[in-house]
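Values quoted throughout were computed directly from the atomic coordinates according to the rules given, and no laboratory measurement underlies them. Quick caveat, the model's predicted, so the values are computed rather than measured. Don't worry about glycine lacking a Cβ; one is built from the backbone with ideal geometry, like all the others, and counts go over all protein chains shown.
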Amino acid sequence: MRALWTLVIASALAACATTETPQTQPPAGVEDRAPGTAPSGPGTQGVPPKPVTGVDLTGGRPATSQADPLRDPASILSQRSVYYDFDKYDIKDDYKPMIEAHARYLRENGRIKMLIQGNTDERGSREYNIALGQRRAEGVKRMLMLLGTREEQLEAVSLGEEKPKEVGHTEEAWARNRRSDMLYPGEY
Amino acid sequence: MRILLAAVLGLVAAFSAHAQLSIEITGTGAQRIPIAVAPLAGEAALLDASGATLSAIVRADLERSGLFRGLEVPRLVPQPTESSRVNYAEWRSRLADALVLGSVAGGRSDGRFEVRFRLYDVVKQSAIGGVAYTLSRDQVRATAHRIADYVYEKLTGEKGVFSTRIAYVVKRGERFELQVADADGANEQAMLVSNEPIISPAWSPDGRRIAYVSFQNKKPIVYVQDIEVPKQLIVANFKGSNSAPAWSPDGSSLAVALTRDGTSQIYLINPDGSNPRRLTRTAGIDTEPAFSPDGRWIYFTSDRGGSPQIYRMSATGADAQRITFEGGYNVSPRVSPDGNSLAYVTRNSGKFQVALLDLGTRQMQMLSDSDLDESPSFAPNGRQILLATIVGGRGVLTAVSADGRVKQRLTVSAGDVREPAWGPLIP
């Protein structure tokens with residue numbers, strides 16, 4: 001539903017952009033012919049670049065947020081992040097109690113869904129990092145399923161290196177960005 | 001002397017500083033052709049939006065290639081034109097090997113202008129050729145790029161790329177812009193503006209459409225957009241992540257990386273989103289497909305051997321073989337337009353740099369020397385490779401000549417520029 005809604009907004013914006021854009025193209029451009037007495041060059045057909053018209057998606061987005069027991073700092077359920085070594089996706093033992101707690105919560109609340117977002121640091125290829133972030137998120141998803149969560153409750157996606165929690169080009173920033181986040185509705 | 005020349009080049013190139021994207025050149029080619037581009041008679045009546053003359057744009061184009069040295073041309077009276085008798089001895093005494101003379105005529109009933117030029121070989125004392133164009137006032141830069149393309153091709157034997165365009169992503173604060181600009185950074189125009197990341201723009205072979213990945217729906221989805229029509233078409237929006245679009249050379253399909261069946265795998269899909277078919281079947285990561293120019297092969301990144309390395313397979317997904325062996329992290333393959341070499345990103349003592357591999361001789365050459373280089377993209381004539389890097393904490397683009405000698409840096413004011421994609425030659 002959310003996806004559909006965003007699409008509707010996108011098409012509405014696109015429609016606006018269309019109406020605001022002059023539809024007339026400049027006449028086909030630079031004509032090509034040899035000067036009167038000169039030896040002529042081969043065809044350098046002069047097609048001027050076409051104007052580019054764009055889509056603007058930056059209009060305000062409604063923010064949804066509500067008070068949530070999952071945010072009680074005293075509860076292990078308020079912890080949401082798994083951290084990784086460079087180019088790794090294995091889940092260290094330290095994070096297992098937290099993932100078990102979320103699996104229990106999801107088992108007990110079978111209608112609640114979770115989005116798992118995998119992230120990487122900025123180094124290397126953006127596209128490889130999307131694949132790596134997906135693998136990290138899938139690893140968390142798989143562990144939750146092994147602990148009894150139904151697959152329908154879970155979606156794993158990757159943000160690659162595109163949404164760093166920590167901006168900066170240091171080891172510390174990189175370590176904080178190699179991360180999977182377990183998010184409940186209203187949190188993403 | 002070399003440093004001084006580079007500084008002069010930098011100044012000459014600064015004419016485009018009015019543009020959003022500004023260019024700085026460092027280094028010089030091994031052998032640059034000294035060329036005199038004389039002011040075209042009457043060109044002062046026909047300036048571009050920034051006040052540049054045709055001859056200045058032509059000269060800056062040629063110098064930016066790293067293959068030419070533009071000579072200072074004093075004010076000549078009477079001003080020579082394409083129909084003057086050429087005083088070869090005088091131009092030779094100015095050390096010119098090549099010469100461009102021409103003229104601009106206005107006063108046409110339709111308000112358009114006529115530009116004529118002729119290119120001369122000063123050493124052989126002969127005319128090489130010439131062209132005339134009629135143009136309107138808003139076509140000054142396009143016409144100058146055509147003249148530069150003509151001169152470049154006549155004197156180097158290769159296609160010029162001055163009339164091509166580049167795409168890239170600019171991040172300004174929390175805002176992402178997919179931009180298209182002329183190859184010299186001028187005439188920047190936004191195709192998409194979003195509060196969520198945009199990555200991996202890829203030009204269709206005919207230069208009319210761009211495929212890209214947008215996170216506007218909170219996850220990576222592949223879109224295609226016509227550069228003249230502000231409308232996004234969804235190509236791949238499956239469960240999980242959808243990314244890494246690459247056009248087949250005939251434009252009939254896109255290779256993409258999808259995680260709909262588990263880990264990232266490579267699929268072919270039609271540009272309208274129909275008929276997805278899976279090409280790779282591994283338990284690991286396969287991504288970053290790139291077609292060879294003949295369409296027979298797909299190069300890609302895979303961690304099937306334990307670390308990310310570059311492989312290639314047939315375009316039907318068969319016969320995968322490993323291409324890179326040195327180093328523990330080799331990603332982002334891009335095949336040169338002649339199919340003979342491969343640019344990619346390699347980790348080298350903890351630094352991520354762009355390397356060029358000769359696919360015949362297996363010789364490898366490092367093209368960049370920074371820490372965080374990524375996203376190489378070949379110019380359509382193969383002479384330069386555009387890449388993204390971080391300088392002083394800011395994202396900039398660098399165009400490196402394929403021999404590694406000449407570098408141009410393209411920066412934007414108050415923003416990070418990244419994800420370059422050099423567009424095709426437009427006939």
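Only the Cβ atoms of Lys and Arg (+1) and of Asp and Glu (-1) were treated as charged; on that basis the dipole of chain B about its Cα centre amounts to roughly 160 debye. Spatially, the range B:124-170 and the range A:117-166 are offset by 47 Å when compared through their Cα centroids. Mind checking which of B:204, B:375, B:50 has the largest fluctuation in a GNM of chain B, springs on alpha carbons under 10 Å? Ranking B:204, B:375, B:50 by mean-square fluctuation puts B:50 first.
Given B:309, B:71, B:423, which one lies farthest toward the positive end of the charge dipole of chain B, if we put +1 on the Cβ of every Lys and Arg and -1 on the Cβ of every Asp and Glu? In chain B, that residue is B:309. In terms of surrounding Cβ atoms within a 10 Å radius of their Cβ, B:215, B:117 rank from fewest to most as B:215, B:117. The GNM of chain B, with springs linking C-alpha atoms under 10 angstrom apart, assigns the highest mean-square fluctuation among B:47, B:342, B:279 to B:47. I'd like the distance separating the alpha-carbon centroids of the range B:243-288 and the range B:378-395, in whole Å. For the range B:243-288 versus the range B:378-395, the Cα centre distance is 25 Å. Shape verdict for the range B:30-189, please, from the Cα gyration tensor: rounded (a/c under 1.5), prolate (a/b greater than b/c) or oblate. Since a/c reaches 1.5 but b/c is at least a/b, the shape of the range B:30-189 is classed as oblate.
Rg and Dmax, both from the Cα atoms of chain B and both in Å, are 22.9, 74. Look at the stretch B:184-194: the mean tally of other chain Cβ atoms within 10 Å of its residues' Cβ atoms is 3.
Is the C-alpha gyration tensor of the range B:364-427 telling us rounded, prolate or oblate? Criteria: a/c under 1.5 is rounded; beyond that, a/b larger than b/c is prolate, otherwise oblate. Here the range B:364-427 falls in the oblate category. A P(r) calculated from all alpha carbon pairs of the protein assembly as shown, with 10 Å bins opening at zero, reads 3, 16, 25, 23, 16, 9, 4, 2, 1, 0 percent.
Between B:110, B:338, B:184, the Gaussian network model of chain B with springs among Cα atoms under 10 angstrom shows the greatest mean-square fluctuation at B:110.
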